[in-house]
1. Mind checking which of C:Met39, C:Leu97, C:Thr132 is farthest towards the positive end of the stretch C:1-158's charge dipole, using Cβ charges of +1 (Lys, Arg) and -1 (Asp, Glu) about the Cα centre?
2. When you look at the Cβ of every residue in B:140-152, what mean number of other chain Cβ atoms sits within 10 Å?
3. Return the whole-Å distance between the Cα centroid of the stretch A:118-143 and the Cα centroid of the stretch B:1-75.
4. Ranked by accessible surface with a 1.4 Å probe, highest first, in what order do C:Glu44, B:Glu156 come?
5. Tell me what chain C gives for mean residue ellipticity at 222 nm when only DSSP H runs of n ≥ 4 count, each as -39,500 (n - 2.57), the sum divided by the residue total, rounded to 500 deg cm²/dmol.
6. Going by average Cβ density within 10 Å per residue, which order do the peptides C:12-20, A:196-204, A:66-74 take, highest to lowest?
7. Pairs of Cα atoms under 8 Å, at least six residues apart: use those to get the relative contact order of chain B, whole percent.
8. Need one number: nm distance between label points at A:Leu188 and B:Leu171, each 7 Å from Cα along Cα→Cβ, rounded to one decimal.
Amino acid sequence: MNTYFDPSVQHALDLVGIFVFAISGALLAVRKNFDVFGMATLAEATGLGGGLFRDVVIGSVPPAAFEDLGYFLTPLLATALVFFLHPVVERINYAVLVFDAAGLGLFCATGTLKAHQYGLSLPASVALGLATAAGGGMLRDVLANEVPQLLRWDREMYAVPAIVGAGTVALLLRTSTLNAATMSAAALLAFALRMLSLRYGWRAPRAWHRTSRRTADTSASG
Amino acid sequence: MNTYFDPSVQHALDLVGIFVFAISGALLAVRKNFDVFGMATLAEATGLGGGLFRDVVIGSVPPAAFEDLGYFLTPLLATALVFFLHPVVERINYAVLVFDAAGLGLFCATGTLKAHQYGLSLPASVALGLATAAGGGMLRDVLANEVPQLLRWDREMYAVPAIVGAGTVALLLRTSTLNAATMSAAALLAFALRMLSLRYGWRAPRAWHRTSRRTADTSASG
Amino acid sequence: MNTYFDPSVQHALDLVGIFVFAISGALLAVRKNFDVFGMATLAEATGLGGGLFRDVVIGSVPPAAFEDLGYFLTPLLATALVFFLHPVVERINYAVLVFDAAGLGLFCATGTLKAHQYGLSLPASVALGLATAAGGGMLRDVLANEVPQLLRWDREMYAVPAIVGAGTVALLLRTSTLNAATMSAAALLAFALRMLSLRYGWRAPRAWHRTSRRTADTSASG
């Protein structure tokens, strides 16, 4: 259905995105002291959750996650890697963040496009692009009984890069200028914004006038 | 599809319900110290989550939440309001409870009707009416890593008013007496029951013979 | 659609599985000090959650949980039982584990079959069989704000029996040898593995080289 890219390129990029998201799920499972099946479950949920939500919402069932065996096996590969090599993977934590940012850029772009191809309006497509990019991580944190990283103030910006990337794709669709080059540029833009947020510790503001919390929270409010 | 009401009236009431639910989501995000994107995420999830669940279950995809731009923008408006004015909004906490009760009444009635219009049986429609009214708040609490208010014993009754409202609509459908007036009466009944629960601190009973918990829980059991 | 069994037998077994899962949900609600509606919500979520997820993913909407009144009423019956008799039910905790294992065996087998009947590949069907068997318990724990039992290392194996049962059904489908007898054998195999895991405390391994956790976790690593 996606006619903007060579399907095999698209598929390979999808697998890379799923893989890096799955790594983050398996690593959280190790930190939470889960067993190997908990690792696999979190890896699958993180890698496939965002796309699964998108596909169920747009009515693309069975979802791609269950139609393509590679999508399903990739998180298991990530689980095996973390299972045997997790001290090494921990040490390359920065590499994981880079790959995760790449997955973010890719998924916000492809999620927006797929939603639009199923007939959703551009604003709704942007929302689903964000959900595709961020949904897996949300599900990962909910299943692990943690406050989702996306929601926390003390984490570098994650939603903004995804929204910018998804919004750029929507703009390209609106102006009929979407092609492989501009789509890649949108994904790269989201990737770059995420990397800059991590590098410079950019955070999103919190609500104004947070006076009632001053005793419990001595840090400067946004 | 809904032929019982003027569509524009129905739409306006839906937006009001989404708005007040979204306010409660954004306020919880402030209390949890989330940033502005966490506020928007919780506001969207609270305002749209119940209807989204209903629409996915009955096969109405893409869900109304993604078909109607107003549905999507309303939680962002609620987020902006809370972001700039949250001390004021906190102070009018009681007003929020009143609006939330109005949303509860409206959503349990319209959720039941929409499920029935998609061919579900009356009991299943009542269950989906309850899910429409309570699902957003459940999702809000799960995402914020809190025990859902709906489940907690030490909260005033929320499910009972929704069940009574949804059950009344089912009765009206069964007896072919549903019209704008009786539907409004059902929504008002749920609203009134919720307000009375808040006013008089009505709570639902817990399991009998809770002897094993006596040390940890000295309050009288239900 | 399921032509492998007498439909009434299949239906009766489904209700038994839903019932025993619902019991575990209602009991957790009592332990969490929820009121009777919290008990009913957790009972419904635990009994129906796995099948609901499977049906939404394969596009079988409205899901069986909302098409069949018996499916919906069974968790309420379980709730009533636990509400009035929970000290007795607690004492027969082992019986609950046995019934839960029976539900596990049954749901992993029927979930795999139904997914395959809706056109999913065998590996995807196995994944959905596992999701059918384990999804309700996951949802129960997420709603109750607990770390899901399925993920925890210090719990006996749950995923392995379900995977073995679902994989056996897939093998039977592949070799065209699925019938009432072999299907029952697959369900029994999952049941037996779960019971043996409980009896002998079988646990799944955790990631290797977990040196960084040594202070917080003095038990031998897997």
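The values are calculated or read from the model by the stated rules, or taken from the named source; none is laboratory data. Note that the structure is predicted; figures quoted are calculated from it, not measured. Heads up, the Cβs are rebuilt from the backbone with ideal geometry, glycines too, and the neighbour counts pull from every protein chain shown. Areas reflect the complete protein model, heavy atoms only, side chains present, ligands, DNA and RNA absent. Shrake-Rupley method; radii C 1.70, N 1.55, O 1.52, S 1.80 Å.
1. Value computed over the given set: C:Leu97.
2. Other-chain Cβ atoms within 10 Å of each residue's Cβ, averaged: 6.
3. 15
4. Details: C:Glu44 30, B:Glu156 50 Å².
Putting C:Glu44, B:Glu156 in descending order of accessible area: B:Glu156, C:Glu44.
5. Helix contribution divided over all residues of chain C: -24500 deg cm²/dmol.
6. Ranking the peptides C:12-20, A:196-204, A:66-74 by packing returns C:12-20, A:66-74, A:196-204.
7. Once normalised by length, the contact order is 22 percent.
8. Placing both labels 7 Å beyond Cα along the Cβ direction yields 6.6 nm.
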